[in-house]
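What follows is calculated from the coordinates using simple rules that are stated; it is not laboratory data. Quantities reported herein were computed from a predicted structural model and do not represent experimental measurements. For neighbour counting, all protein chains shown are included, and Cβ atoms are generated from backbone atoms with ideal geometry for every residue, glycine included.
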C-alpha cells in the first residue's frame, strides 16, 4: 500500500499575504487622513509662483535688498521663521523663504531628478518672476547645496552666499538608503505607508539630534509640525533628496572653484548631522576668498543659535544704505 503524500497547506501563506496587504492599505489610508488634518491645522502662510508647471510656495516679508532663504532636508521655509532669522532680516531686507520642491506646499512633479542643480535652476526662474535681480542667498544643510548650485548656474542672481552646516562633498551616509523610496512601485508603497509612520515615530529623536547640544526650540515644533513633516509627499521628497546627496556632491565638487561671490561658511563644532571638517572646512580651503565661522558648542541648527551673527553677515553683503 502506498502512502499518500500530503502537500502543505497554502492557507497560512495566503492569510499572511492578505494581512500584509490590508496592513499597508490601512496605513496608507491613515497617513492620508493625517496629512489632510495637518494641512487644515497649518494651511499655507505665504504665496505661490508657478515655474515650468511647478507650483512653489514661498514666504515674503520686508523691503530692501533681497535675501533668499533655502531650508534643509525634511523641514520647510517656516523653519527660518521659527529660528527668528526670517523676521530679523525682514527689518531691513526683502526676505523670501522658499519651500523647496516637494516640501511644505511646493510641488515636486515626477519625471525630474531633483538634484541641487535642478532645484537651483527652478529657483532662479522663480526669483526672476518675483523681480529679484540679485540677492544674498542663505542655505542651511542640504539647502546650502542648492545655494552653491545657484551661485554656479546663475552667478548674476547671487550677490553673496551664506552657508549653514552644509553638505558639499560625497561621504558615506546612512540616510542615502532612504533613496530606495524613489524606486518605481516599491518606493511609492513605502512612502505612502511605512515611511510616514517611521517619520512620526523618530521625529522627536531626530530633532533632538539636529539641535544638540541645545534643546529643541519650541517654535520649531509649533511652526514646522510633525504632521506636516510626516505627510507622504514630503517624506518622499526628503527620501529622494537623501538618495541624491552623494551622487550630486560627487558631480558638484569639481565646480566650487567657479564660485566668485563673497561667501561665509558657518559650521558648529558640535554638529552631529554633517561633519564640519569633511564639509565646511574643506569647502573653505577650496574657496580661497571665503570666510569660515566655526561656532563653539553649536550643533546643526545654526540659524537658531546664531541668527544675529548670520544677519550681520547678510547686512555686510547687502548694505541697506
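The Cα center of the stretch 198-229 and the Cα center of the stretch 106-143 differ in position by 25 Å.
Go ahead and set up a Gaussian network model of the chain, Cα springs under 10 Å, then flag whichever of 234, 63, 261 fluctuates most. Sorting by GNM fluctuation, first place goes to 63. Summarised in one figure, the compactness ratio Rg/Rh of the stretch 225-321, Cα atoms and Kirkwood Rh, is 1.02.
By the count of other C-beta atoms within 10 Å, a proxy for reagent exposure, 140, 284 are ordered fewest to most as 284, 140. Each listed q (0.14 Å⁻¹) maps to a log10 I(q)/I(0) for the chain from the Debye sum over equal C-alpha point scatterers, namely -1.05.
Semi-axes of the equivalent ellipsoid for the stretch 40-80, computed as √(5λ) from the eigenvalues of its C-alpha gyration tensor and ordered from largest down, come to 17, 15, 13 Å. With a simple spin-label model that places each label point 7 Å from the Cα along the Cα-to-Cβ direction, the separation between residue 50 and residue 226 comes to 3.6 nm. Here the spin labels are modelled as points 7 Å beyond Cα on the Cα-Cβ line, and at residue 288 and residue 308 they lie 3.6 nm apart. Take the Kirkwood radius over Cα pairs of the stretch 9-144, plug it into Stokes-Einstein at 20 °C and 1.002 mPa s, and you get 127 µm²/s for translational diffusion.
Per the Cα gyration tensor, the stretch 45-105 maps to an equivalent ellipsoid with semi-axes of 19, 14, 8 Å, ordered largest to smallest. Comparing 276, 65, 218 in a Gaussian network model of the chain, where Cα atoms under 10 Å apart are tied by springs, the biggest mean-square fluctuation is seen for 218. The angle separating the long axis of helix 194-211 from the principal Cα axis of greatest extent in the chain is about 40 degrees.
What residue among 311, 270, 45 has the largest mean-square fluctuation in a Gaussian network model of the chain, using Cα springs under 10 Å? Answer for the Gaussian network model of the chain: 45.
For the chain, the relative contact order works out to 21 percent when only alpha carbon pairs closer than 8 Å and six or more residues apart are counted. Kirkwood hydrodynamic radius, computed over distinct alpha-carbon pairs, for the stretch 250-300: how many Å, to one decimal? Here the Kirkwood hydrodynamic radius works out to 11.5 Å.
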